Amino acid sequence: MRSPATATARRAPARSVPALAPAQAAKTLMVLGLLLPGPRHGYELHRIVVAHGSLYADFKKPTLYHLLQRLARQGAVRERAESGARGPRGERLVYELTAAGKRQFHELMRSILGSYDAGQTGLEVAAVFLPRIDAQEARELLEHRLLAVRERHAAMAAELGAVARKPSAQRIAAGYLASDHALSIMDAEIAWMGRAIRHLAAAGQAQHASRAAVGRARTAT
């Protein structure tokens with residue numbers, strides 16, 4: 001029988017977190033979100049990433065460990081060595097969110113859900129972690145994003161309308177097909193956000209009713 005695992009904490013002082021490019025923000029959100037339920041070792045994190053290959057196809061193992069090390073240096077993640085692993089070292093690294101890491105997770109969720117940028121790549125990741133934030137806040141963030149997408153959609157549709165009146169060859173030369181493709185993507189996102197907002201509204205009402213019931217029960221006792 002193996003002896004109980006020993007752990008040596010490796011702490012790093014908290015540092016200010018620099019602004020992240022959209023792709024880096026998405027990867028950071030994914031790692032923070034996967035650590036939110038509790039500590040995981042690096043191999044387990046990589047296994048989860050591989051299992052979601054269609055969403056994180058470009059997230060290679062070296063990239064994952066480099067990101068974990070950066071988050072540890074920033075104080076968002078606490079890293080510790082745990083004994084009992086196979087291999088010459090006989091230990092594995094376990095990663096755990098700190099209070100700063102939890103704050104960064106929520107900041108990234110608010111930033112990605114509540115804003116719209118045509119080059120943004122983080123919505124697919126943020127959607128995975130919607131159950132991890134308050135339903136009412138998630139709904140309000142998506143409503144704000146929905147307004148931004150609709151404004152951009154209207155502006156692009158107006159520009160496209162002028163091009164659509166030109167002959168076919170001129171439309172293609174003017175980038176009509178590319179713009180039409182962008183509009184189609186926005187149409188799909190608008191439709192998804194409408195459905196998500198309705199689901200979140202219902203979930204928020206259920207949460208409110210549950211909290212009210214708990215409050216009444218406490219008052220009664």
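The values are calculated or read from the model by the stated rules, or taken from the named source; none is laboratory data. Note that the coordinates shown come from a computational prediction; the quantities given were computed from them, not determined experimentally. We place every Cβ from the backbone using ideal geometry, glycine too, and count neighbours over all the protein chains shown.
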Can you spot a residue in the stretch 156-175 that is surrounded by 16 or more Cβ atoms within 10 Å (Cβ to Cβ), of a type outside the set (A, V, I, L, M, F, W, C) and at pLDDT 80 or above? no
Counted residues, the stretch 76-107 - those being in contact with a Pro (Cβ under 7 Å, 6 or more places away or on another chain) and at pLDDT below 95: 1
Looking only at the stretch 117-132, which residues are crowded, with 19+ Cβ neighbours inside 10 Å and either more than 8 Å from the chain's Cα centre (by Cα) or of a type in the set (Gly, Ala, Ser) (or both)? Gly122, Ala126
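From Tyr56, Tyr116, Tyr43, grab the single residue that is assigned to a helix (DSSP H, G or I) and modelled with pLDDT under 90. Before the answer, list the steps.
On the way: Tyr56 fails: assigned to a helix (DSSP H, G or I); Tyr116 fails: assigned to a helix (DSSP H, G or I).
Answer to the check: Tyr43.
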State whether one or more residues within the stretch 181-192 are at pLDDT 90 or above, among the hydroxyl-bearing types (Ser, Thr, Tyr) and not assigned by TED's automatic domain parsing to the domain that holds Leu64. yes
Would you confirm, using the coordinates I've provided, whether His181 is closer than 25 Å to Ala26 by Cα and buried (at least 16 other Cβ atoms within 10 Å of the Cβ)? no
